[in-house]
1. Please determine whether any residue of the stretch 209-225 is more than 11 Å from the chain's Cα centre (by Cα) and part of a strand (DSSP E or B).
2. For Asp204, all conditions in the list (1) farther than 23 Å from Lys26 by Cβ; (2) not in a loop (DSSP other than H, G, I, E, B) hold save one; what is the number of the exception?
3. Scan Glu172, Glu187, Glu195 and give me the residue that is loosely packed, with under 15 Cβ neighbours inside 10 Å and either free of Cβ contacts under 8 Å to residues at least 40 places away in the same chain or in contact with a helix residue (DSSP H, G or I) (Cβ under 8 Å, 6 or more places away or on another chain) (or both).
4. Could you please give the count of residues in the stretch 171-188 that are touching a Gly at 6+ places or on another chain (Cβ under 8 Å) and either closer than 16 Å to Ala217 by Cα or basic (Lys, Arg) (or both)?
5. Residues Asp97, Asp32: which one is surrounded by 17 or more Cβ atoms within 10 Å (Cβ to Cβ) and modelled with pLDDT of 90 or more?
6. Of all the residues that make up the stretch 120-165, how many are modelled with pLDDT under 90, part of a loop (DSSP other than H, G, I, E, B) and either buried (at least 17 other Cβ atoms within 10 Å of the Cβ) or within 14 Å of the chain's Cα centre (by Cα) (or both)?
7. Can we say Val168 is touching a strand residue (DSSP E or B) at 6+ places or on another chain (Cβ under 6 Å), of a type in the set (A, V, I, L, M) and modelled with pLDDT of 95 or more?
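The values are calculated or read from the model by the stated rules, or taken from the named source; none is laboratory data. Bear in mind the structure is a predicted one, so any value in this text is a computation, not a measurement. When we count neighbours, we look across all protein chains shown, and the Cβ atoms used for this are built from the backbone with ideal geometry, even at glycine.
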Amino acid sequence: MDDRQQKEPERYKVEFASGTAASVQKRRSFRDRDRNDIEVDLPGWPAGKPFKVRGFLGKVGRHALNVVTALLMLPLHILADALGGYSAPDKRGPLDDRANEVDDFPVMWADKGEAARTLPWQLDPARRPLHVVTELEVDEADGLVRITTYKDTARGNRFIEWGGGEKVPGSEAVLWSMPLKEIAGAEIKRFSMAESDFTISFRDGSWVRLETSAHCAEEVVSLLTPGP
């Protein structure tokens, strides 16, 4: 039995990131280098709701909703703390790039023919079915990075993160793969909840912004960052 058979590559649940600033919260855009929208040009992608930055009233509404949500969740945090569970809310780091984190929120930045445009639409939580999970794996034995998918028996609504059930038999598939040598690097994005966002940059200059858990983001970035 070779090393690859002994240890399969770790898989990390990922999806396109979502904005956290009130102007773009829960939203994302897909841009070329001139900041034009490219969603309609992505082959095979289902139609999505057009991206729009919220105006003043929209931002006020998001702030109000966030405050109400925090107040409603407070008793649960207190209870979890009393039972010995971790109850501290996620914190967002400092703003690094206002143009791409407040005034807009691109999660794909690529001109025609560039690598970032090849990523699968299933990474978009606004497009894929609720029970579909997408994962990233870095296979150093094959020299490939892959996006895989499966159906989760327990992923029934948007309030269940990463499912929690079992894989539907026969639902696993590879959606995308690329040689590791085509990846220039990866970087944690501090302006995200618990620093769970990260970017993958390709050698042609295109990039994507993905989201996972904070711990997984650190591991993925480490795996995709070239050594000295």
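1. Looking for residues that are more than 11 Å from the chain's Cα centre (by Cα) and part of a strand (DSSP E or B), one finds none in the stretch 209-225, hence no.
2. Going through (1) farther than 23 Å from Lys26 by Cβ; (2) not in a loop (DSSP other than H, G, I, E, B) one by one, Asp204 breaks only (2).
3. Going through Glu172, Glu187, Glu195 in turn, the sole match is Glu172.
4. Count: 1.
5. Only one candidate qualifies: Asp32.
6. 5
7. The answer is no for Val168.
Per-residue answers, yes or no, for (1) under 30 Å from Lys151 (Cα atoms); (2) at pLDDT below 90; (3) over 19 Å from the mean Cα position of the chain (by Cα):
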{"residue": "Val14", "(1), (2), (3)": "yes, no, no"}
{"residue": "Ala17", "(1), (2), (3)": "yes, no, no"}
{"residue": "Lys49", "(1), (2), (3)": "yes, yes, no"}
{"residue": "Gly55", "(1), (2), (3)": "no, yes, yes"}
